[in-house]
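Worksheet: one structure, shown below.
The values are calculated or read from the model by the stated rules, or taken from the named source; none is laboratory data. Owing to the predicted nature of the structure, the values given are computational and were not obtained by experimental measurement. Don't worry about glycine lacking a Cβ; one is built from the backbone with ideal geometry, like all the others, and counts go over all protein chains shown.
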Amino acid sequence: MEPEDGNFIGVIIEESLEDKNILKKLKIVKTKVEPVTEKHKTPWIQQWTLHTVEIPEDRAKSIAEEVSKSLDSQHDWYADFKNTTHHYIIFKNKIFYIDRTNKKQYNDATDYGISLGIPEYQVDFSPHIKQWERTENPDEKKEVTSLGRYDAKGFKEITMEKPREIDASGIVRPWRMDLKGYFLIRPNYELRKVEAAFCDLKENKVRIIIRGDNPVEVYTMILKEELITMLDHAADIGVELEKAYVALKSGKKYTQDRVDLE
């Protein structure tokens, strides 16, 4: 997604914020979760939730000030966002507003970050710092693997060419409440149906009960009724409905949010 002219784009790590209310004021265009490794130098948390945000130019200064106040007071973090001409680099109670052509201003921000104990590789803000980039050799033969063709009209041959591989083992899903509401999932053994009861947040009351012969019927109706607003919530409901369906067919005990059936 390309920002509008003049708008600032940057990244804010959710775990760096002592007061997360600032996120409600921002346009989040993308979120990525990284499990913490030794290289992150943040052993007190399990993951980094990196929100890419877009900020209108006329709000950039005030947002930078709010972010600065919202950063964790117990650990040293920073956030930053930039447009084509300027770059905000934000520490707790300290903000650098940088002309992107000014190497000295970048050096001052980098030196300040390092003085706080932030690893040097994490404060390489300056475009003047040369970074290693992998360049493709046009003469190098690319290895392309055919995976066949999906048996449906309009689909081309599926191929694979050096895909990026990600090991998600051990990653922890960030828990967030869907403001629309939540679901109670269960196998209804009496009716031999999979069941999802929708509850509102305000009064914690069941408002809708959806039953179906299989998970697809139930989550299709959930989507039709527009009862979910978050992708991670939708994914979670899909997993829970499938587990409830397996329990219904196998006779095993189902407990919502437990990984395995009993």
- Message: Against the definition (under 29 Å from the mean Cα position of the chain (by Cα), over 29 Å from Pro35 (Cβ atoms) and either of a type in the set (Val, Ile, Thr) or in the same structural domain as Glu15 (by TED's automatic domain parsing) (or both)), how does Val218 come out, yes or no?
- Response: yes
Looking across region 236-256 at residues that are under 28 Å from the mean Cα position of the chain (by Cα) and in a loop (DSSP other than H, G, I, E, B), the single one that is farthest from Tyr182 (Cα to Cα) is Thr255
Matching residues in region 92-122 (over 22 Å from Lys69 (Cβ atoms), in contact (Cβ under 8 Å) with a residue 24 or more places away in the chain and not in a helix (DSSP H, G or I)) number 2
In region 161-219, anything modelled with pLDDT under 95 and among the small types (Gly, Ala, Ser) is listed as Ala168, Ser169, Gly170, Gly181
The number of residues in region 1-52 that are assigned to a strand (DSSP E or B) and not aliphatic (A, V, I, L, M) is 13
Requested in this report: Can you confirm whether region 17-36 contains a residue that is surrounded by 15 or more Cβ atoms within 10 Å (Cβ to Cβ), within 20 Å of Glu120 (Cα to Cα) and modelled with pLDDT of 90 or more?
Outcome: no
Within region 71-99, residues surrounded by fewer than 17 Cβ atoms within 10 Å (Cβ to Cβ) and basic (Lys, Arg) come out as Lys94
Matching residues in region 194-235 (in contact (Cβ under 8 Å) with a residue 40 or more places away in the chain and outside any loop (DSSP other than H, G, I, E, B)) number 5
Asp260: modelled with pLDDT under 95, at negative phi and touching a strand residue (DSSP E or B) at 6+ places or on another chain (Cβ under 6 Å), yes or no? no
Over region 170-193, the set of residues surrounded by 15 or more Cβ atoms within 10 Å (Cβ to Cβ) and in a loop (DSSP other than H, G, I, E, B) is Asp178, Gly181
| Does at least one position in region 60-70 carry a residue that is among the hydroxyl-bearing types (Ser, Thr, Tyr), in contact with a Lys or Arg (Cβ under 9 Å, 6 or more places away or on another chain) and surrounded by fewer than 16 Cβ atoms within 10 Å (Cβ to Cβ)? | no
Scanning region 24-60 residue by residue, those in contact with a Leu (Cβ under 9 Å, 6 or more places away or on another chain), farther than 22 Å from Tyr97 by Cβ and of a type outside the set (S, T, N, Q) turn out to be Lys30, Lys32, Val33, Glu34
Checked against (1) in contact (Cβ under 8 Å) with a residue 60 or more places away in the chain; (2) surrounded by 14 or more Cβ atoms within 10 Å (Cβ to Cβ), Gln256 satisfies every condition except (2)
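What number of residues within region 156-215 satisfy the criterion of being β-branched (Val, Ile, Thr) and either over 20 Å from Leu241 (Cβ atoms) or touching a Gly at 6+ places or on another chain (Cβ under 6 Å) (or both)?
Selection size over region 156-215: 6.
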Going through region 91-131 in order, the residues found to be modelled with pLDDT of 90 or more and on the phi > 0 side of the Ramachandran plot are Asn93
